[in-house]
Number of protein chains: 2
Amino acid sequence: MSTNLSKFRTSKIGARMSQLTGVRAIMKDIIETLRLGKDRKFYNFSAGNPLIIPEVEQLWREFTAALLAKKDFANVVGRYGGTQGYEPLIEAVVSDFKSRFGLNITERNVLITPGSQSLYFYAANAYGGYLEDGSIRRIVLPLCPDYTGYGGVSVYSDVVKSFRPALEIEEEQHRFKYHPNFDDLEIAEDTGCVIFSRPSNPTGNVLTDDEVRQLAAMAEQVNAPVFIDSAYGPPFPALNFTEMTPIFGSNIIHCMSLSKAGLPGERIGIAVGPEEVLQTLECFESNSCIHASRFGQALVTEAINSGKLAELSTKVIRPFYKSKMQILEQALDHFMPKDLPWFLHKGEGAIFAWLWLKDLPCTDVELYHKLKEQDVIVVPGNTFFPGLAEPWSHTSQCLRISLTAPDADLTEGLKRLASVVKSVY
Amino acid sequence: MSTNLSKFRTSKIGARMSQLTGVRAIMKDIIETLRLGKDRKFYNFSAGNPLIIPEVEQLWREFTAALLAKKDFANVVGRYGGTQGYEPLIEAVVSDFKSRFGLNITERNVLITPGSQSLYFYAANAYGGYLEDGSIRRIVLPLCPDYTGYGGVSVYSDVVKSFRPALEIEEEQHRFKYHPNFDDLEIAEDTGCVIFSRPSNPTGNVLTDDEVRQLAAMAEQVNAPVFIDSAYGPPFPALNFTEMTPIFGSNIIHCMSLSKAGLPGERIGIAVGPEEVLQTLECFESNSCIHASRFGQALVTEAINSGKLAELSTKVIRPFYKSKMQILEQALDHFMPKDLPWFLHKGEGAIFAWLWLKDLPCTDVELYHKLKEQDVIVVPGNTFFPGLAEPWSHTSQCLRISLTAPDADLTEGLKRLASVVKSVY
C-alpha cells in the first residue's frame, strides 16, 4: 500500500500514516497463504481475533434485545452524543470502579473512545511528537516486545522509543520472563508519555505491581502521563492467569477495551484517569471523529451495571484461554527437545504464547516460512519491537502463538513446530 | 478546556488539538443557557442534531431485529473486521452506485470510516500539512461559509485556507446565494486537497454541477484530490430541495454519512472514489483506529440493499425538512421588515437556514445574546468561516437557524427574531 508512485502527493504525515506497520505486513502474507491453500488443513496460530465464546455472544444478544425493546433505542442510535461518552456508561464505570477498587473518582475521570487503538493514537500525538520550539517528546515503551500497534500511532516515524528488557531465565524449566531493565531505561525530560500493555500482547507478561509503581514514579518526575493498556486485564476481560492489581495514580491512565470481551466489532475503549489528560484526549477525539459508537456503549452500560460482564470474564473467558495455555505448555514440554535452548514466556495472561528460541540458526521469518511448509502458521516475533533502535539478536528469535486454535490443533501444530525447530538447530 | 496551566506538557499537535474549534465553543454557552433556564420556554434553533423521525427509527429497529435473528450477529459484533469496511456493505455500495449512477467502480473504490468527520481528518492530514522539505500543502475550502468542523481537522493551525464567495442577491425577494469566486480562488501548487459540503452546512447552498466540475478540473491540474462532503446529498439522506447531480471524477472522493439518515449515534461514513486515495486513507484509519463499528455497517448494508433507505430519504426525510424550510420562509417574509436589508440564503438543502443581516449595527454574537433574552437561540454565523484570513464584515452579519424545531415554535421564534432585528437596526 505504498503511495510512492502515486498521482496524488501526500504530506509528510500522509506518507508516514500510509505505512502499514508491524504485524499488518505479515498478515497480508498469511491471508494470501490461507487463500491459496484453501483446501489444505492449516494449524493457524496467527489470529489476533478472539474466538466467539457462546456464553459471551449470548450476553451481547440479550443486551441488544433489551435495548431494542426500549424507547431509548432511538436516542442511542438516532442522536449525536457527547464526545466524552454515553452518560449512563460513564456513570456505570464510575460506580463500578468506586466499589470495585475503592477509587475516589467522578464522571470527569472517564472517557470513552472508539476502541483503545484510537486512545493511544490521541495520547501518542497529544503528548509525544514535537514541541513548538522543535524539541522532541518521546513515546516511551519501557519494555519490548510490546503491542505492535504502538509502532503506528505517532504521526512521526522517529518518536517511539522502546527499551531492551532484563530476562529472568529458568533454564531447567524452559521458561523465562521479561522485566523492565531499570538500569538502562530512560524516562527523562524528553519523555512525552509512557505506554505499555499489562497483561502484554504478545508475550503474556504481567509487569509486577512494584514495576508499575516504579515506572509511574519515574514518569511523575518529568510530568509524563502513563497509559497502561489493560485490554486483557481485570475487571474485563480479566485475561490475567496470575494475580494482578490494576494500579491507579495521579499520572496513570487505565485504558480498557471491550475487544477481548466479545465486542471487537463495536470499537469501544474506556479510559480512567486524571481529568486534565482525559480533557485533552476528549478534545482530540471531538475534532477527529466526534464520538464513539453509542450502540456498543449502551450495551456495555448494562453489561457493567448488571455485573454480568465481570462475572463472565472470570468464570468463562479467563478459564477458556487459561486452559488453552495449559494445553500449549503440555505440548511444548512433551514435544520440544530438552537439550535445545527454547524458552516459553511465563503465561501470565492475554491470548498468546511467546516462544524464544535462543541462538536460533535462522531468522524468525525464515522459521515462519519453514513452518508454513508444514501447515503451521505463527507470527514471527520481530514486528513486536517497535521503537527499539539498537540491534538485538533476540528480536529475530521469537514467535507469537495464538491461543485461539482448537485444542487438538494446538497439540498437533506444536508437535509439528517442535519437529521443524529440531531440524533447524 | 485549555491546557495552558497544565501539569502535563502537550506537544504542539496536542496543544492544537486541545482547542475546541468553531461552533463547539458557542455550544457550551447554549447548553449552559438551557440548563440555567430549564423552566423557561425556549425557541431553540441551535441544534445540529437531526430529529428522530418515527418512520426512520422504525427502519433501523427492523434491521436491528433482523440482524439479531441471524447467526451472523456474532460475526458482526464479536470479530475484528478489515479496515476497509464490512464486506457486504462495500458490495452493497458498489452495486447501488453502479446501478444508480452508472459508475464503473469495484470494491477497491469504497472505504468505510467511523463517521465522515474522521474521513476529513484523515484526508486533511494525509494531503494537507507539510511535505518532508517543509513546504506547505493547504487544505482549500473553495467557498466560505462552510462546515465549522473543517476548522479542526488539521493537526496544524495554519493550513486550512478558505475563500470569500461571490454573492448573487435578489434585493426585492430578500434572498441571496453564494457562488465560488473563481477570480480570486487559488487552487495551486501548494494545494494539498480541496474540501466542501454540498448541500452546505450551514447555508443550504448547493454548488452547481458546473461549479463542481470547474473546481475538480482546477484541482486536477495540481493533482489534488477533491473531497465532496455529501452528508446531506442524495441518495441518502437526499436532503437536497433543488435538483442536484452527484459529480464523480478521477480526483473526486464522494463522501457520505449516515448521520442525517437516522444513525448519527453509530458513526458511519462512506467514501467512494479513486483507489489510490482510499488506500492512503485506509492505512491512516488502520493505524489510528483499526476500523469503523460493524453493527451500524451491517444495518446499513440491509438498508441499501433493500432500497428502503433511499426510498425513505426522498419520501419522508426530505419532505419533512423541506416543509420546515417553507414555514421558515413564510414566517420571515411575513414578520421581517420589508425595508431592512435582510437576506435569506436560498434553501437548496440540508437542515439549516442561513440569514444574512447586511449592515447589521451590532455583531452576530451581540445579536445572539439579545435573542437569548427573548428566549430565541440561534448560532452566530462567525464560526462558519474557518480558514478565512482576510477581514470581511459579512462574517459577523449572519445567523444559522436550525430546521429541527416544531412548526409552531419556528413561527413564534421567528416573529420574536424579527422584532429583535427591527429594534437593533
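Conditions tested, residue by residue: (1) within 11 Å of chain B (Cβ to nearest Cβ); (2) free of Cβ contacts under 8 Å to residues at least 60 places away in the same chain; (3) out of contact with any Ser or Thr (no Cβ under 8 Å at 6 or more places or on another chain); (4) surrounded by fewer than 24 Cβ atoms within 10 Å (Cβ to Cβ).
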position: A:Ser116; (1), (2), (3), (4): yes, no, no, no
position: A:Lys161; (1), (2), (3), (4): no, no, yes, yes
position: A:Ala166; (1), (2), (3), (4): no, yes, yes, yes
position: A:Ile169; (1), (2), (3), (4): no, no, yes, yes
position: A:Asp184; (1), (2), (3), (4): no, yes, yes, yes
position: A:Ala188; (1), (2), (3), (4): no, yes, yes, yes
position: A:Gly192; (1), (2), (3), (4): yes, no, no, no
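Residues that are part of a loop (DSSP other than H, G, I, E, B), at pLDDT 95 or above and of a type in the set (Phe, Trp, Tyr) do not occur anywhere in region A:122-133. Only residues that are of a type outside the set (Lys, Arg), assigned to a loop (DSSP other than H, G, I, E, B), open to solvent by 30 Å² or more (accessible area, probe 1.4 Å) and within 16 Å of A:Thr203 (Cα to Cα) were counted across region A:352-398, and they come to 0.
Answer with yes or no whether A:Val277 is more than 10 Å from every other protein chain (Cβ to nearest Cβ) and of a type in the set (A, V, I, L, M, F, W, C). First the steps, then the outcome.
Values: more than 10 Å from every other protein chain (Cβ to nearest Cβ): no; of a type in the set (A, V, I, L, M, F, W, C): yes.
Criteria not met by A:Val277.
Looking across region B:44-84, the residues that are more than 20 Å from B:Lys308 (Cβ to Cβ), in a loop (DSSP other than H, G, I, E, B), more than 8 Å from chain A (Cβ to nearest Cβ) and under 25 Å from the mean Cα position of the chain (by Cα) come down to B:Phe45, B:Ser46, B:Ala47, B:Thr83, B:Gln84.
Kindly establish whether B:Gln297 is open to solvent by 30 Å² or more (accessible area, probe 1.4 Å), within 22 Å of the chain's Cα centre (by Cα) and of a type in the set (S, T, N, Q).
Details: open to solvent by 30 Å² or more (accessible area, probe 1.4 Å): no; within 22 Å of the chain's Cα centre (by Cα): yes; of a type in the set (S, T, N, Q): yes.
No; evaluated as a whole, the condition is false for this residue.
Mind telling me which of the residues B:Leu36, B:Leu67 ends up being aliphatic (A, V, I, L, M) and under 30 Å from B:Leu410 (Cα atoms)? Before you say what the answer is, go through the steps one by one.
Working: B:Leu67 fails: under 30 Å from B:Leu410 (Cα atoms).
After applying the criteria, what remains is B:Leu36.
When residues in region A:333-351 are screened for being open to solvent by 50 Å² or more (accessible area, probe 1.4 Å) and over 24 Å from the mean Cα position of the chain (by Cα), 5 of them pass.
Condition check: in a loop (DSSP other than H, G, I, E, B) and basic (Lys, Arg). Does A:Arg164 satisfy that? Give the derivation first.
Numbers: in a loop (DSSP other than H, G, I, E, B): yes; basic (Lys, Arg): yes.
So A:Arg164 fits the description; yes.
Checked against (1) open to solvent by 10 Å² or more (accessible area, probe 1.4 Å); (2) within 22 Å of the chain's Cα centre (by Cα), B:Gln279 meets all criteria but (2).
Sub-6 Å Cβ pairs linking a first residue in region B:69-86 that is open to solvent by less than 50 Å² (accessible area, probe 1.4 Å) to a second residue that is in a loop (DSSP other than H, G, I, E, B) and of a type in the set (Val, Ile, Thr), at least 6 apart or interchain, are B:Ala74/A:Ile52; B:Gly78/A:Ile52, ordered by first then second residue. One residue stands out among those in region A:282-293 that are open to solvent by less than 10 Å² (accessible area, probe 1.4 Å) and under 17 Å from A:Met256 (Cα atoms): the one that is farthest from the other protein chains (Cβ to nearest Cβ), which is A:Glu285. Which of the residues belonging to region A:214-225 are in contact (Cβ under 8 Å) with a residue 24 or more places away in the chain and out of contact with any Gly (no Cβ under 8 Å at 6 or more places or on another chain)? Within region A:214-225, A:Gln214, A:Leu215, A:Met218, A:Ala219, A:Gln221, A:Val222, A:Asn223 meet the criteria. Residue check, B:Pro142 against (1) out of contact with any Gly (no Cβ under 9 Å at 6 or more places or on another chain); (2) open to solvent by 30 Å² or more (accessible area, probe 1.4 Å); (3) not charged (D, E, K, R), all met but one. Which one? Checking B:Pro142 against (1) out of contact with any Gly (no Cβ under 9 Å at 6 or more places or on another chain); (2) open to solvent by 30 Å² or more (accessible area, probe 1.4 Å); (3) not charged (D, E, K, R), the one that fails is (2). Residues in region A:399-411 that are open to solvent by less than 60 Å² (accessible area, probe 1.4 Å) and farther than 12 Å from A:Ile377 by Cα: A:Leu403, A:Thr404, A:Thr411.
Of the numbered criteria (1) touching an Asp or Glu at 6+ places or on another chain (Cβ under 8 Å); (2) within 28 Å of A:Ala292 (Cβ to Cβ), the one B:Val140 fails is (2). The residues of region A:118-152 that are within 7 Å of another protein chain (Cβ to nearest Cβ) and touching a Phe, Trp or Tyr at 6+ places or on another chain (Cβ under 6 Å), listed by number, are A:Ala126, A:Gly129. In this structure, does B:Thr242 turn out to be open to solvent by less than 30 Å² (accessible area, probe 1.4 Å), closer than 23 Å to B:Leu403 by Cβ, not in a strand (DSSP E or B) and not acidic (Asp, Glu)? So B:Thr242 does not fit the description; no.
The values are calculated or read from the model by the stated rules, or taken from the named source; none is laboratory data. All values reported here derive from a predicted model rather than from experimental measurement. Cβ atoms come from the backbone with ideal geometry, glycine included; neighbour counts cover every protein chain shown. Protein only, heavy atoms only, side chains kept; ligands, DNA and RNA dropped before computing areas. Shrake-Rupley method; radii C 1.70, N 1.55, O 1.52, S 1.80 Å.
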